[in-house]
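Novice: Quick one: structure below, then a few questions.
What follows is calculated from the coordinates using simple rules that are stated; it is not laboratory data. As the structure is a computational prediction, the values presented were derived from the model and not from experiment. FYI the Cβ positions are ideal-geometry reconstructions off the backbone, even for glycines, and counts take in every protein chain you see.
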Amino acid sequence: MSDRLEDIAAAIVAEGKGLLAADESSGTIKKRFDVIGVESTADSRRDYREMMFRATEAMKNYISGVILYDETIRQEGADGTPLVDLIKASGAIPGIKVDAGAKPLAGFIGDTITEGLDGLRERLADYYKLGARFAKWRAVIDIDTGRGVPSATAISSNTHALARYAALCQEAGIVPIVEPEVLMDGSHDIDTCYEVSKATLIKLYDELHAARVVLEGTILKPNMVIAGRKSGKTNSPDEVAEKTIKLFRQTVPVAVPGIAFLSGGQEDEEATANLNAINAIGPHPWKLTFSYGRALQAAPQKAWGGNRSNVAAAQAAFTHRAHMNHLAALGEWKASLEQAA
Ligand code: 13P
């Protein structure tokens with residue numbers, strides 16, 4: 001495979017393919033395992049992820065790349081094969097989460113700043129040797145309008161950090177996935193999500209330009225425009241699609257080859273239906289696909305439950321969600337296909 005940034009970015013958003021976000025930190029994966037009653041150990045985390053990476057049909061046909069966590073990129077499967085080699089053998093590209101998580105932003109109650117820039121140049125060189133050809137950095141923008149969250153400072157600090165991260169990635173030959181996540185946890189309505197996402201993306205592309213990041217060698221990983229969970233409102237896929245595309249037309253340069261959404265707490269089918277609606281109102285100047293964590297993994301986690309004898313069922317559940325999202329990336333998904341499975 002070519003090592004040009006533009007070619008890697010194009011491969012990440014290849015027609016009908018998307019990313020598997022399997023980069024949960026040890027703290028986050030423990031929370032997911034708690035739900036299914038599995039103890040989180042280095043071996044159980046390995047077994048679980050190896051199960052997905054060995055789901056050949058899904059990995060070959062629907063998954064362009066996998067975002068890994070530091071532990072996983074160094075792990076070997078039960079038979080000694082490096083997990084990175086399993087991913088590469090399926091034709092998918094290994095990627096790596098490189099941020100160190102969101103911490104409280106000093107002086108701004110309710111805002112966070114994502115850390116991890118110190119020593120990043122050296123870590124990227126190490127990850128490149130381990131096989132990573134793209135990376136991910138997640139900035140977290142919460143919405144709590146009553147408290148003035150997010151502040152302008154939270155947006156400028158987080159997008160500045162994203163730009164510094166992206167420049168370092170490109171220097172290392174690694175495609176930066178730039179993720180400014182406007183959370184859908186709050187009680188805000190869809191128009192507030194639109195406004196905060198717009199302010200964030202305008203500032204983000206300002207910062208990326210200032211940092212001399214080559215947009216053709218980047219991928220944007222955004223939230224969809226959607227009401228906060230605590231608002232009690234659900235938006236139709238058509239409304240989400242219309243407002244999300246309106247937002248991108250106003251803010252995302254067409255030099256960006258692709259946009260790969262996070263699922264952010266949407267239900268599995270909701271995330272698929274919304275992605276499908278977004279693609280159904282195309283054509284668009286960018287590829288629009290998935291980079292889902294929870295919306296790809298909730299079903300296989302439940303089916304697996306930490307039990308070896310459930311591996312085939314868990315792989316089938318993962319393959320089904322990957323297939324449905326593949327169709328949504330093409331705008332060809334239908335709700336009836338969910339029942340059929
Ligand atoms: P979710 O799809 O579960 O939001 O995770 C995607 C991700 O990588 C968040 O950083």
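Novice: Here are Ala42, Ala10: which of them is of a type in the set (A, V, I, L, M, F, W, C) and surrounded by 15 or more Cβ atoms within 10 Å (Cβ to Cβ)?
Specialist: Ala10
Novice: For region 294-314, enumerate the residues that are exposed (fewer than 14 other Cβ atoms within 10 Å of the Cβ) and assigned to a helix (DSSP H, G or I).
Specialist: Of everything in region 294-314, those that are exposed (fewer than 14 other Cβ atoms within 10 Å of the Cβ) and assigned to a helix (DSSP H, G or I) turn out to be Arg308, Ser309, Ala312.
Novice: Looking at the structure I just gave you, is Ala277 within 13 Å of the ligand (Cβ to nearest atom), touching a helix residue (DSSP H, G or I) at 6+ places or on another chain (Cβ under 8 Å), outside any strand (DSSP E or B) and not polar (S, T, N, Q)?
Specialist: The answer is no for Ala277.
Novice: Does region 259-274 hold any residues that are surrounded by fewer than 20 Cβ atoms within 10 Å (Cβ to Cβ) and either basic (Lys, Arg) or part of a loop (DSSP other than H, G, I, E, B) (or both), and which are they?
Specialist: Within region 259-274, Gly265, Glu267 qualify.
Novice: Separate question: I'd like to verify a number: residues in region 88-107 that are under 18 Å from the mean Cα position of the chain (by Cα), under 29 Å from Met324 (Cβ atoms) and either more than 16 Å from the ligand (Cβ to nearest atom) or assigned to a strand (DSSP E or B) (or both), how many?
Specialist: Qualifying residue count, region 88-107: 5.
Conditions (1) touching a residue at least 24 places away in the same chain (Cβ under 8 Å); (2) hydroxyl-bearing (Ser, Thr, Tyr); (3) part of a helix (DSSP H, G or I), marked per residue:
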site: Asp79; (1), (2), (3): no, no, no
site: Asp118; (1), (2), (3): no, no, no
site: Arg121; (1), (2), (3): yes, no, yes
site: Gly131; (1), (2), (3): yes, no, no
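Novice: Still on this structure, please answer the following. Listed residues Gly131, Gly101, Gly110, Gly91; which is closer than 14 Å to Glu179 by Cα and surrounded by 13 or more Cβ atoms within 10 Å (Cβ to Cβ)?
Specialist: None of the other options fit; the residue is Gly101.
Novice: Within the group Asp191, Asp268, which residue is more than 27 Å from Ile113 (Cα to Cα) and acidic (Asp, Glu)?
Specialist: Asp268
Novice: Sticking with this one: Which condition breaks for Thr72 when tested against (1) of a type in the set (Val, Ile, Thr); (2) buried (at least 21 other Cβ atoms within 10 Å of the Cβ); (3) closer than 30 Å to Asn276 by Cα?
Specialist: (3)
Novice: In region 149-181, which residues are outside any helix (DSSP H, G or I) and either surrounded by fewer than 23 Cβ atoms within 10 Å (Cβ to Cβ) or of a type in the set (Gly, Ala, Ser) (or both)?
Specialist: The answer is Val149, Ser151, Ala172, Gly173, Glu181.
Novice: How many residues does region 237-258 contain that are under 22 Å from Phe134 (Cβ atoms), crowded, with 22+ Cβ neighbours inside 10 Å and β-branched (Val, Ile, Thr)?
Specialist: Here the count works out to 1.
Novice: Taking region 276-298, which residues are within 25 Å of Lys203 (Cα to Cα), in contact with a Pro (Cβ under 9 Å, 6 or more places away or on another chain) and of a type in the set (A, V, I, L, M)?
Specialist: Of everything in region 276-298, just one residue is within 25 Å of Lys203 (Cα to Cα), in contact with a Pro (Cβ under 9 Å, 6 or more places away or on another chain) and of a type in the set (A, V, I, L, M), namely Ile278.
Novice: For region 128-169, what are the residues that are touching a Lys or Arg at 6+ places or on another chain (Cβ under 7 Å), hydrophobic (A, V, I, L, M, F, W, C) and under 18 Å from Leu262 (Cβ atoms)?
Specialist: Ile155
Novice: Quick check on region 282-297. Is at least one of its residues more than 16 Å from the ligand (Cβ to nearest atom), over 30 Å from Val196 (Cα atoms) and more than 21 Å from the chain's Cα centre (by Cα)?
Specialist: Within region 282-297, none of the residues are more than 16 Å from the ligand (Cβ to nearest atom), over 30 Å from Val196 (Cα atoms) and more than 21 Å from the chain's Cα centre (by Cα).
Novice: Is there a residue in region 5-12 that is within 16 Å of the ligand (Cβ to nearest atom) and either in contact (Cβ under 8 Å) with a residue 60 or more places away in the chain or among the acidic types (Asp, Glu) (or both)?
Specialist: yes
Novice: Among the residues that make up region 239-260, is at least one of them more than 16 Å from the ligand (Cβ to nearest atom), within 16 Å of Leu201 (Cα to Cα), within 19 Å of the chain's Cα centre (by Cα) and not aliphatic (A, V, I, L, M)?
Specialist: yes
Novice: Of all residues in region 241-258, how many are in contact with a Phe, Trp or Tyr (Cβ under 9 Å, 6 or more places away or on another chain) and part of a helix (DSSP H, G or I)?
Specialist: Total satisfying the criteria: 6.
Novice: Among (1) over 21 Å from Ala166 (Cβ atoms); (2) touching a residue at least 40 places away in the same chain (Cβ under 8 Å), there is one condition Gly258 misses while meeting the rest; what is its number?
Specialist: Gly258 satisfies all of (1) over 21 Å from Ala166 (Cβ atoms); (2) touching a residue at least 40 places away in the same chain (Cβ under 8 Å) except (1).
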